[in-house]
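Novice: Dumping the structure here so I can ask a few things about it.
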Amino acid sequence: MAARPGTPASPKNFKVKAPQPGQPLYGCEHIQRLFNQDQATTNTSIQHYKAILRSIFDTTPMVPQTAKCVDGQIVTTLTPTYLCLQCPSTLTEEDRAKHGTKKSHRFWGWQRAWLIVIAVDVESRSGSIYCQMCDDLVWDPTFEELRIRKIGTGTFSAHRKRKHDEMFSEPVKENSLFIAQNTTVASCKANGLRGIYNAGATCYQNVVLQSFLHNPVLRNFYLGDGHASSNCETPYCLSCAMDDMFQDFYALENTNGYTAANILSGFWISEKKAFENLVTTKEQDAHEFFQFLAEELHERNGDGKKPEVGSEHSCNCIIHQTFYGKMQSTTTCQNCGGMTNQVQSFLDLSLPLENLAVKKGKKNGFKTPYMTLQECLDEEYIKQDKCEYRCHSCNSTQQARRQTSIKRLPNVLSVQLKRFEFKTGRNERAAKIDTPVRFPLQLNMLPYTSRGRSQDAKDNYELARSCTYDLLSVVVHVGEIDTGHYVSYCRVGDQWFAFNDHKVELASKSDVLGARAYLLFYIIRSVA
């Protein structure tokens, strides 16, 4: 009996993944319509998706994220490229809609009802589904199962299992180039680069908040749940508002401007007299706001006591750990040589500019093109002042010399260049000092410390390293004293950014160093 002639194998019919408890059957309503249309459409879609996954995971393109535009031009982009599920087209994000309009695909009878697969090369070979109609990534169980199988075993078979070590040959596992090309830092992470909207002459608040947001000590505290907002019972707590702000800046991938409504309401509702000036719509001083905010955060996270000016206040709160240092004033009697030391805490260093500008002007024929930050520090913490004081040893008032030095440096050094002075006399008025002050990216504070006065300390390299600071952020006042505006520069990693309310732009080091700074924030290198 003659053998029955063989018939060509019929194409495999693919099935939608069976429903699982707690999972949707389809990724979206458009995928549902696709799979419910007919078996041929389902087969074609899944076969094409598997081909796309092979192209993503089985090959390494010479040029990553390369696409052909609608007009035929080849482009390379930093953003993900997209592969159409109905044709071999590879497209950029801008050309997705154009392609859907131009090509009449037959998914559901809609010209723009089509699916796209992300084809990101080295940074993220995800192969995830993108729905043009939903305008979003969708998670579909049927497509996702194929993607996971391809990533995990290299095949689409449900019966083939491979151990992790079997997925790579020995030469590949030891190839450092392969590891380097396939191991990258996650690109989808929030880095805090967001502007803050001006809510009516609130630029003085925005620049201080930006300096706080890009302070790694404060950032680690708040992102590490240092302030337990969920357990805080203080109404309109500013520390809770700061916690919310840090979460929004670093937990959300959002580059839109931020509205600091919780911060503003905290000051507006506060019953403290010190905050009364901050509730108006007039321009205020950024330095005063920095002090008010630091004081409030200390009271919310510390011992609740207001830091006393001129005293040695000890507290272990995050504000004291970040900004507070200790200053020592040494008074030496010119009669008996007796010395008296007084130690007090400080939040920032306020450096006068006017007297130094006058002194330099007299030496240079009243031409003072610029001053340096080191000259301002020398004037306050190197030179000695003459004074009179009651000497206990002499039991009388004597001539003395007083010198101020820093006994303990803070982790983040805040420096105010006193550009605003109040002129007394017949025409009392506030004036702005616009003299440029040059400041460095790295600052050695050892000469201004109590330990740095000895010769041994000056030659101690390790001690000098422990007193080295790196510039972290700069606050600048632009314009006149009554009608000016505040902007700031903050360092994120090794890159500088300019913050002008809700606008954020890249900045060069020359832009930063050329700014006429009002506030400077340096972070000690050992912490950074």
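Novice: Look at Val437 and say whether it is closer than 22 Å to Tyr370 by Cα and open to solvent by 40 Å² or more (accessible area, probe 1.4 Å). I'd like the intermediate steps shown before the answer.
Specialist: On the way: closer than 22 Å to Tyr370 by Cα: yes; open to solvent by 40 Å² or more (accessible area, probe 1.4 Å): no.
No; evaluated as a whole, the condition is false for this residue.
Novice: Which of the residues that make up the stretch 232-253 are more than 17 Å from His298 (Cα to Cα), open to solvent by 10 Å² or more (accessible area, probe 1.4 Å) and among the aromatic types (Phe, Trp, Tyr)?
Specialist: If the condition is that a residue be more than 17 Å from His298 (Cα to Cα), open to solvent by 10 Å² or more (accessible area, probe 1.4 Å) and among the aromatic types (Phe, Trp, Tyr), then Tyr250 is the only one that fits.
Novice: Now for a separate question. Can you give me the number of residues within the stretch 465-516 that are farther than 15 Å from Ile196 by Cβ, open to solvent by 20 Å² or more (accessible area, probe 1.4 Å) and at pLDDT 90 or above?
Specialist: Residues that pass the stated criteria total 14.
Novice: Next question. Any residue that is within 23 Å of Cys490 (Cα to Cα), at pLDDT 85 or above, open to solvent by 40 Å² or more (accessible area, probe 1.4 Å) and assigned to a helix (DSSP H, G or I) - is there at least one of those in the stretch 374-392?
Specialist: yes
Novice: Looking at the stretch 141-155, I want the residues that are more than 12 Å from Gly127 (Cα to Cα) and open to solvent by 30 Å² or more (accessible area, probe 1.4 Å) and have a partner that is part of a helix (DSSP H, G or I) and modelled with pLDDT under 75 with Cβ atoms under 8 Å, at least 6 apart or on another chain. Which pairs are those?
Specialist: Partner pairs satisfying both residue conditions: Gly154/Phe57; Gly154/Met167.
Novice: Kindly provide the set of residues from the stretch 353-373 that are hydrophobic (A, V, I, L, M, F, W, C) and either within 20 Å of Pro440 (Cβ to Cβ) or at pLDDT 80 or above (or both), ordered by number. Lay out the reasoning, then the answer.
Specialist: If we filter the stretch 353-373 for residues that are hydrophobic (A, V, I, L, M, F, W, C), which is where we start, we get 353, 356-358, 366, 371, 373.
Correct list: Leu353, Leu356, Ala357, Met371, Leu373.
Novice: Right, next: List, please: which pairs have Cβ atoms under 9 Å, are six or more places apart or on different chains, and start with a residue in the stretch 259-273 that is under 15 Å from Gly200 (Cα atoms) and end with one that is open to solvent by 60 Å² or more (accessible area, probe 1.4 Å) and modelled with pLDDT under 70?
Specialist: Leu264/Val279; Phe267/Val279; Trp268/Val279
Novice: Which one is modelled with the highest pLDDT, of the residues in the stretch 314-347 that are open to solvent by 40 Å² or more (accessible area, probe 1.4 Å), under 35 Å from the mean Cα position of the chain (by Cα) and over 16 Å from Ile406 (Cβ atoms)?
Specialist: Among those residues, the one meeting the criterion is Gln321.
Novice: Looking only at residues in the stretch 208-231 that are of a type outside the set (S, T, N, Q) and not in a helix (DSSP H, G or I), which one is modelled with the highest pLDDT?
Specialist: Once the filter is applied, the top-ranked residue is His214.
Novice: Here is a follow-up. Quickly run through the stretch 478-505 and pick out the residues that are over 22 Å from Arg525 (Cα atoms), under 22 Å from the mean Cα position of the chain (by Cα) and touching a residue at least 60 places away in the same chain (Cβ under 8 Å).
Specialist: Tyr486, Val487, Phe499, Asn500, Asp501, His502, Lys503, Val504
Novice: Show the residue pairs meeting these rules: Cβ distance below 7 Å; 6+ apart or different chains; first residue within the stretch 299-328 and under 13 Å from Leu218 (Cβ atoms) and aliphatic (A, V, I, L, M); second residue at pLDDT below 90 and not in a helix (DSSP H, G or I).
Specialist: As it stands, the answer is Ile318/Gly226; Ile319/Gly302, since those pairs meet every condition given.
Novice: Taking the stretch 214-231, which residues are in contact (Cβ under 8 Å) with a residue 60 or more places away in the chain and either crowded, with 19+ Cβ neighbours inside 10 Å or within 18 Å of Gly302 (Cβ to Cβ) (or both)?
Specialist: His214, Asn215, Val217, Leu218, Phe221, Gly226, His227
Novice: Let me ask something else. Is it true that Gln416 is closer than 26 Å to Leu347 by Cβ, in contact with a helix residue (DSSP H, G or I) (Cβ under 9 Å, 6 or more places away or on another chain), crowded, with 16+ Cβ neighbours inside 10 Å and at pLDDT below 85?
Specialist: So Gln416 fails the test.
Novice: Looking at the stretch 166-189, is at least one residue outside any helix (DSSP H, G or I), open to solvent by 30 Å² or more (accessible area, probe 1.4 Å), modelled with pLDDT of 55 or more and in contact with a Ser or Thr (Cβ under 6 Å, 6 or more places away or on another chain)?
Specialist: no
Novice: To continue, here is another question. Look through the stretch 263-284, keep the residues that are buried (at least 17 other Cβ atoms within 10 Å of the Cβ) and at pLDDT 70 or above, and return whichever of them is farthest from Lys432 (Cα to Cα).
Specialist: That would be Gly266.
The values are calculated or read from the model by the stated rules, or taken from the named source; none is laboratory data. Note that the structure is predicted; figures quoted are calculated from it, not measured. Virtual Cβ from ideal backbone geometry, glycine too; neighbours counted across all protein chains shown. Accessible surface areas use protein heavy atoms only, side chains included; no ligands, DNA or RNA. Shrake-Rupley method; radii C 1.70, N 1.55, O 1.52, S 1.80 Å.
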